[in-house]
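The values are calculated or read from the model by the stated rules, or taken from the named source; none is laboratory data. It should be emphasised that the depicted structure is a prediction, and the values quoted were computed from it without experimental measurement. Reconstructed Cβ throughout: ideal geometry from the backbone, glycine too, with neighbour counts over all protein chains shown. Heads up: the accessible areas ignore ligands, DNA and RNA and are worked out on the full protein's heavy atoms, side chains in. Shrake-Rupley method; radii C 1.70, N 1.55, O 1.52, S 1.80 Å.
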Amino acid sequence: MSASLPEVGSVAPEFTAVGSDGMRVSLRDLLARNAVALFFYPGDDTPGCNRQLSAVRDDLTTFREAGIEPFGVNPASVERHVSYATKFGFGFPLLSDPDRAIAAAYGALKEDGKGIQRSVFGIARDGTIRFAARGAPLPGDVIAALEE
(Lines give C-alpha, C1' and ligand atoms only; values in the text may rest on other atoms or scores of the structure.)
Protein backbone atom coordinates (compact mmCIF):
# COMPACT_ATOMS: atom_id res chain seq x y z
CA MET A 1 0.00 0.00 0.00
CA SER A 2 1.29 3.47 -0.82
CA ALA A 3 1.91 6.20 1.72
CA SER A 4 -1.07 8.18 2.90
CA LEU A 5 -1.74 11.65 1.58
CA PRO A 6 -1.00 14.66 3.77
CA GLU A 7 -4.22 15.71 5.49
CA VAL A 8 -6.34 18.65 4.43
CA GLY A 9 -5.47 21.47 6.83
CA SER A 10 -1.86 20.36 7.27
CA VAL A 11 1.13 22.41 6.13
CA ALA A 12 2.20 21.55 2.58
CA PRO A 13 5.72 20.10 2.27
CA GLU A 14 8.22 22.63 0.88
CA PHE A 15 9.97 21.76 -2.38
CA THR A 16 12.19 23.22 -5.08
CA ALA A 17 12.09 21.99 -8.67
CA VAL A 18 12.84 22.98 -12.26
CA GLY A 19 9.91 23.26 -14.62
CA SER A 20 9.37 22.79 -18.32
CA ASP A 21 9.51 26.59 -18.60
CA GLY A 22 13.18 26.44 -17.45
CA MET A 23 12.45 28.19 -14.15
CA ARG A 24 13.58 26.88 -10.78
CA VAL A 25 10.69 27.33 -8.36
CA SER A 26 10.08 26.75 -4.68
CA LEU A 27 6.70 26.34 -3.06
CA ARG A 28 7.44 29.26 -0.73
CA ASP A 29 8.09 31.60 -3.67
CA LEU A 30 5.06 30.37 -5.59
CA LEU A 31 2.74 30.91 -2.62
CA ALA A 32 3.94 34.50 -2.32
CA ARG A 33 2.02 35.14 -5.56
CA ASN A 34 -0.75 32.54 -5.91
CA ALA A 35 -2.34 29.43 -4.52
CA VAL A 36 -0.88 26.28 -6.09
CA ALA A 37 -2.40 23.10 -7.53
CA LEU A 38 -0.09 20.09 -7.91
CA PHE A 39 -1.06 17.29 -10.29
CA PHE A 40 1.16 14.22 -9.75
CA TYR A 41 0.86 11.97 -12.79
CA PRO A 42 2.58 8.71 -13.78
CA GLY A 43 4.00 9.43 -17.23
CA ASP A 44 4.42 11.96 -19.99
CA ASP A 45 2.36 11.31 -23.13
CA THR A 46 0.26 8.42 -21.84
CA PRO A 47 -3.52 8.28 -22.45
CA GLY A 48 -4.68 8.87 -18.86
CA CYS A 49 -2.13 11.59 -18.23
CA ASN A 50 -2.94 13.29 -21.53
CA ARG A 51 -6.62 13.46 -20.51
CA GLN A 52 -5.86 14.71 -17.00
CA LEU A 53 -3.39 17.42 -17.99
CA SER A 54 -5.47 18.47 -21.01
CA ALA A 55 -8.38 19.08 -18.61
CA VAL A 56 -6.11 21.35 -16.56
CA ARG A 57 -5.04 23.12 -19.76
CA ASP A 58 -8.65 23.57 -20.80
CA ASP A 59 -9.49 25.15 -17.41
CA LEU A 60 -6.29 27.21 -17.18
CA THR A 61 -8.11 30.54 -17.45
CA THR A 62 -10.41 29.53 -14.58
CA PHE A 63 -7.43 28.49 -12.44
CA ARG A 64 -5.68 31.79 -13.04
CA GLU A 65 -8.80 33.91 -12.52
CA ALA A 66 -9.12 32.19 -9.12
CA GLY A 67 -5.48 33.04 -8.29
CA ILE A 68 -4.26 29.45 -8.62
CA GLU A 69 -1.17 28.33 -10.52
CA PRO A 70 -1.30 24.65 -11.60
CA PHE A 71 1.74 22.42 -12.04
CA GLY A 72 2.16 18.87 -13.29
CA VAL A 73 4.75 16.81 -11.38
CA ASN A 74 6.55 13.57 -12.22
CA PRO A 75 10.11 12.17 -12.42
CA ALA A 76 10.67 12.80 -16.15
CA SER A 77 13.49 15.12 -17.19
CA VAL A 78 12.94 18.80 -17.92
CA GLU A 79 13.73 18.10 -21.59
CA ARG A 80 11.05 15.41 -21.81
CA HIS A 81 8.58 17.74 -20.07
CA VAL A 82 9.35 20.51 -22.59
CA SER A 83 8.57 18.15 -25.49
CA TYR A 84 5.36 16.92 -23.85
CA ALA A 85 4.13 20.39 -22.85
CA THR A 86 4.80 21.69 -26.37
CA LYS A 87 3.03 18.76 -28.05
CA PHE A 88 -0.18 19.32 -26.06
CA GLY A 89 0.02 23.10 -25.68
CA PHE A 90 0.08 23.03 -21.88
CA GLY A 91 0.30 26.63 -20.75
CA PHE A 92 1.48 25.65 -17.28
CA PRO A 93 4.80 24.18 -16.12
CA LEU A 94 5.55 20.50 -15.63
CA LEU A 95 7.97 20.06 -12.73
CA SER A 96 10.77 17.53 -12.88
CA ASP A 97 11.10 15.38 -9.74
CA PRO A 98 13.89 12.98 -10.79
CA ASP A 99 14.70 11.75 -7.28
CA ARG A 100 10.96 11.50 -6.47
CA ALA A 101 11.46 13.62 -3.33
CA ILE A 102 8.40 15.80 -3.98
CA ALA A 103 6.23 12.76 -4.73
CA ALA A 104 7.47 11.07 -1.53
CA ALA A 105 6.75 14.16 0.58
CA TYR A 106 3.19 14.30 -0.77
CA GLY A 107 2.49 10.56 -0.48
CA ALA A 108 2.25 10.21 -4.25
CA LEU A 109 4.67 7.27 -4.65
CA LYS A 110 3.45 3.77 -5.34
CA GLU A 111 4.43 0.92 -3.03
CA ASP A 112 7.52 0.16 -5.14
CA GLY A 113 8.92 3.62 -4.33
CA LYS A 114 9.38 4.42 -8.01
CA GLY A 115 6.01 4.74 -9.70
CA ILE A 116 3.81 7.78 -9.26
CA GLN A 117 0.30 7.32 -7.91
CA ARG A 118 -1.97 9.86 -9.55
CA SER A 119 -2.68 12.43 -6.81
CA VAL A 120 -3.83 16.05 -6.73
CA PHE A 121 -3.29 18.79 -4.14
CA GLY A 122 -4.60 22.31 -3.73
CA ILE A 123 -2.41 24.52 -1.55
CA ALA A 124 -3.68 27.85 -0.26
CA ARG A 125 -1.43 30.92 -0.11
CA ASP A 126 -1.00 30.40 3.65
CA GLY A 127 0.73 27.08 2.85
CA THR A 128 -2.05 24.78 4.04
CA ILE A 129 -3.38 21.91 1.99
CA ARG A 130 -7.03 22.60 1.14
CA PHE A 131 -7.52 19.71 -1.32
CA ALA A 132 -5.94 16.25 -1.43
CA ALA A 133 -7.20 13.34 -3.51
CA ARG A 134 -6.04 10.27 -5.39
CA GLY A 135 -6.92 9.86 -9.03
CA ALA A 136 -7.92 12.60 -11.45
CA PRO A 137 -10.54 14.79 -9.80
CA LEU A 138 -12.12 17.47 -11.92
CA PRO A 139 -10.12 20.70 -12.06
CA GLY A 140 -13.25 22.51 -10.86
CA ASP A 141 -13.17 20.53 -7.60
CA VAL A 142 -9.61 21.72 -6.89
CA ILE A 143 -10.52 25.31 -7.76
CA ALA A 144 -13.63 25.22 -5.53
CA ALA A 145 -11.61 23.93 -2.54
CA LEU A 146 -9.12 26.80 -2.90
CA GLU A 147 -11.81 29.44 -3.33
CA GLU A 148 -13.52 28.59 -0.01
What share of the DSSP beta bridges in the chain is antiparallel, in percent to the nearest 5? 65 percent
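With every protein chain present, what is the per residue accessible area of the chain (1.4 Å probe, Å²)? List each step's numbers first, then the result.
Numbers: 6920 Å² over 148 residues.
Dividing the accessible area of the chain by its residue count gives 47 Å².
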How much of the accessible area of region 26-148, in percent, comes from carbon and sulfur atoms when a 1.4 Å probe is used? 49 percent
If exposed trypsin sites (Lys or Arg not before Pro) are those in a DSSP loop with at most 11 other Cβ within 10 Å, what is the longest stretch of the chain that has none? 34-113
